[in-house]
Amino acid sequence: MRATPAKSARPKRGSDAVLLSSAAKRAAPAAPAVAQPLAQTAAALPVDAPSAPARKSARVAKEVAAPVAVAEKTPKTKAAGKAAPAADAQQAVAAVAPTATARPAARSRPSVETTRRAARAHADAKRIFVLDTNVLLHDPSSFFRFAEHDVFLPMITLEELDDHKKGVSEVARNARQVSRLLDQLVVNSEQIDDGIPLDKLGNRDALGRLLLQTTSMTGELPDSLPVGKADNQILGVVSAVKIKYPDREVVLVSKDINMRLKARALGLLAEDYFNDQVLEDSDLLYTGMLQLPDDFWDKHGKGIESWQQSGSTFYRVTGPLCAQFAVNQFVYFEGSMPLYAQVREVVGKTAVLQTLRDFTHNKNNVWGITARNREQNFALNLLMNPECDFISLLGQAGTGKTLLALAAGLTQVLETKRYTEIIMTRVTVPVGEDIGFLPGTEEEKMLPWMGALEDNLDVLNMGDSEHSSGSGSGGDWGRAATMDLIRSRIKVKSLNFMRGRTFLNKFLIIDEAQNLTPKQMKTLITRAGPGTKVVCLGNIAQIDTPYLTEGSSGLTYVVDRFKGWAHSGHITLQRGERSRLADYAADAL
């Protein structure tokens, strides 16, 4: 009884082989015709005892990987003859073993709804910055400085801009500039409620949108805050925007410290406007000089080259520290082999150094003035260098900034005739209360602000042996004549009338430059024509202009931007030389 089923199974196994071989000889479209005999053969097999053909089909199902569609699209070639049996085997396995798992389908593309959800999630990650009016008045293009985040402008901000737009001051000019930029953004914008792209005017870094307040928005504020005050209305708008967009972070940006304090007291996020700050810490400001380490010659002394040119010695050194040098930076080494030099060229890890002229010696005095310390010597090397068109001198009170600049200017105007005259200007920001309008011409109005000029001219015109100028040795009459000659070559100008002017062959001194904004500094420096040298003097620890800090001052701005330019130089003076009383007061107070 056992041999009978096995005997009857063999012809079917042979018939399967005959069918498969015949299918291999036929084309792929004929493959479905084989499925019916295979299905009948499989149906005739016992369910509880799988036969050899069933086991054969199961093995074929594990080895076959090509889908049936491949066999249908394969041309009638030798490869097609191999693909057809695979298709037949898959169909046979589907009939014999319905529980066999098929190959997983390829991963489909994300749907439109999935893409929209991802976009909404990305939008939720972006922050909303609500700008106070003083930020726009400080920087008219401030709403382009927030990268991919959105900017919200309350209606009361636009009202305050309208109140400040009248006049010729810098604040009024900025208010009008903001209004013009907003008009260019809003024009031809159909749906203002959805936001206006900030890159509409070509600002590629501004990837966010401008949101304007189009409806009445009032947040919950304490009853103790006056409702009619503009600052409190902006705080109410910030609170309402936070409720309207619960999934996004809403931040108030203001230059007003009290405004930020009130916002934090109400549980609102508030930040200062940091985009205008060049440095977060003034201690990181470029000083213009670098002390070389003790092992400098050990690491940079190999393969050194030296030559003489125009009375100076040049060294070409190579080493790892040279990559950190900046052009016109001063380097010094005070050891067994002292070196005081200026960097002239930097290429990779190779630098060219030029030795300095020693202005501490009396034979190299400048209008009777000699350098009293290392930093003053560096400053005079810059001031007397005709290749330096822009020089900035920083330092505390009494370090000699104005005196060195005036001495160098008078020498190059009256002796070497390199420049025609000295032009001196400064910002008219009072330390205390304003004394009101001043009578006279432009120069007469500026004279009370130029007390430093008069004091330094007196020092330069002293007839003693320490401060003699050669022409000042004729007693009082000689000093008076020299003073008249000096005054005829020094012009005092106001900043208010600088726009549109061009200075040719002038020695321009900008005193108290720390009170200038970066925009005002740009306006002054761009007045320089051919043959003009611009000297900026200031102390970033004595800033009197509102909304300006050590990091956002125009003086800090130009020091950072002109660093490394071949025709500019900077020195931070360290030691005070005015008097021992002034030095002690500067440190103790």
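Can you say whether residue 381 is within 18 Å of residue 457 (Cα to Cα) and not assigned by the TED database to the domain that holds residue 334, as far as the supplied structure shows? Criteria not met by residue 381. Residue count for region 275-293 satisfying the condition of being out of contact with any helix residue (DSSP H, G or I) (no Cβ under 8 Å at 6 or more places or on another chain) and surrounded by 14 or more Cβ atoms within 10 Å (Cβ to Cβ): 2. Within region 146-168, the set of residues being buried (at least 20 other Cβ atoms within 10 Å of the Cβ) and in a loop (DSSP other than H, G, I, E, B) comprises 146, 154.
Just for region 206-219: of the residues that are modelled with pLDDT of 85 or more and open to solvent by 70 Å² or more (accessible area, probe 1.4 Å), which one is farthest from residue 150 (Cα to Cα)? Residue satisfying both the conditions and the ranking: 216. Of all residues in region 552-572, those satisfying the criterion of being crowded, with 24+ Cβ neighbours inside 10 Å and either of a type in the set (A, V, I, L, M) or in a helix (DSSP H, G or I) (or both) are 554, 555, 556, 558, 559, 571. Note on region 368-383: residues that are modelled with pLDDT under 95 and open to solvent by 20 Å² or more (accessible area, probe 1.4 Å) total 3. Taken over region 250-274, the criterion of being open to solvent by 80 Å² or more (accessible area, probe 1.4 Å), under 29 Å from the mean Cα position of the chain (by Cα) and not polar (S, T, N, Q) is satisfied by 257, 261, 264, 269, 274. So which residues in region 237-249 are open to solvent by 50 Å² or more (accessible area, probe 1.4 Å) and under 27 Å from the mean Cα position of the chain (by Cα)? Selection gives 249 alone. Inspect region 220-236 for any residue being open to solvent by 60 Å² or more (accessible area, probe 1.4 Å), assigned by the TED database to the domain that holds residue 130 and farther than 28 Å from residue 267 by Cβ and give the result as yes or no. Looking through region 220-236, none of the residues is open to solvent by 60 Å² or more (accessible area, probe 1.4 Å), assigned by the TED database to the domain that holds residue 130 and farther than 28 Å from residue 267 by Cβ. Whether a residue is among the hydroxyl-bearing types (Ser, Thr, Tyr), at pLDDT 70 or above and in a helix (DSSP H, G or I) was assessed, and residue 482 passes this test. Among the criteria (1) polar (S, T, N, Q); (2) in a helix (DSSP H, G or I); (3) surrounded by fewer than 20 Cβ atoms within 10 Å (Cβ to Cβ), the one residue 542 does not fulfil is (2).
Only one entry in 185, 137 is touching a helix residue (DSSP H, G or I) at 6+ places or on another chain (Cβ under 7 Å), surrounded by 16 or more Cβ atoms within 10 Å (Cβ to Cβ) and over 23 Å from residue 259 (Cβ atoms), namely 185.
Of all residues in region 488-519, those being aliphatic (A, V, I, L, M), more than 23 Å from residue 552 (Cα to Cα) and assigned to a loop (DSSP other than H, G, I, E, B) number 1.
Here's the yes/no breakdown for (1) hydroxyl-bearing (Ser, Thr, Tyr); (2) closer than 30 Å to residue 514 by Cα:
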{"site": "276", "(1), (2)": "no, yes"}
{"site": "287", "(1), (2)": "yes, yes"}
{"site": "294", "(1), (2)": "no, no"}
{"site": "300", "(1), (2)": "no, no"}
{"site": "314", "(1), (2)": "no, no"}
{"site": "322", "(1), (2)": "no, no"}
{"site": "336", "(1), (2)": "yes, no"}
{"site": "351", "(1), (2)": "no, no"}
{"site": "367", "(1), (2)": "no, yes"}
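Residue-by-condition table, conditions (1) within 25 Å of the chain's Cα centre (by Cα); (2) assigned to a loop (DSSP other than H, G, I, E, B):
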position	(1), (2)
177	yes, no
182	yes, no
188	no, yes
193	no, yes
206	yes, yes
219	no, yes
232	no, no
235	no, no
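Suppose we keep only residues that are of a type outside the set (Val, Ile, Thr) and under 15 Å from residue 569 (Cβ atoms) within region 318-331. Which one would you say is farthest from the chain's Cα centre (by Cα)? Show your work before the answer.
Taking region 318-331 and keeping what is of a type outside the set (Val, Ile, Thr), we get 319-326, 328-330.
Okay, now just the ones that are also under 15 Å from residue 569 (Cβ atoms), so 325-326, 328-330.
Values: 325: 22, 326: 20, 328: 24, 329: 23, 330: 26 Å.
By that ranking, first place goes to 330.
If you go through region 331-346 and keep only what is in contact (Cβ under 8 Å) with a residue 40 or more places away in the chain and open to solvent by less than 80 Å² (accessible area, probe 1.4 Å), you end up with 331, 332, 333, 335, 339.
Taking first residues from region 159-176 that are without any contact (Cβ under 8 Å) to a residue 40 or more places away in the chain and partners that are among the hydroxyl-bearing types (Ser, Thr, Tyr), the Cβ contacts under 8 Å between residues at least 6 apart in sequence or on separate chains come to 161/133; 161/179; 162/179; 164/133; 165/179.
Within region 520-539, work out how many residues are assigned to a loop (DSSP other than H, G, I, E, B) and either surrounded by 14 or more Cβ atoms within 10 Å (Cβ to Cβ) or not assigned by the TED database to the domain that holds residue 561 (or both). Qualifying residue count, region 520-539: 4.
The values are calculated or read from the model by the stated rules, or taken from the named source; none is laboratory data. Keep in mind the model is a prediction, meaning the values are calculated, not measured. Positions of Cβ are generated from backbone atoms using ideal geometry, with glycine treated the same way; all protein chains shown enter the neighbour counts. With ligands, DNA and RNA removed, areas are computed over all heavy atoms of the protein, side chains included. Shrake-Rupley method; radii C 1.70, N 1.55, O 1.52, S 1.80 Å.
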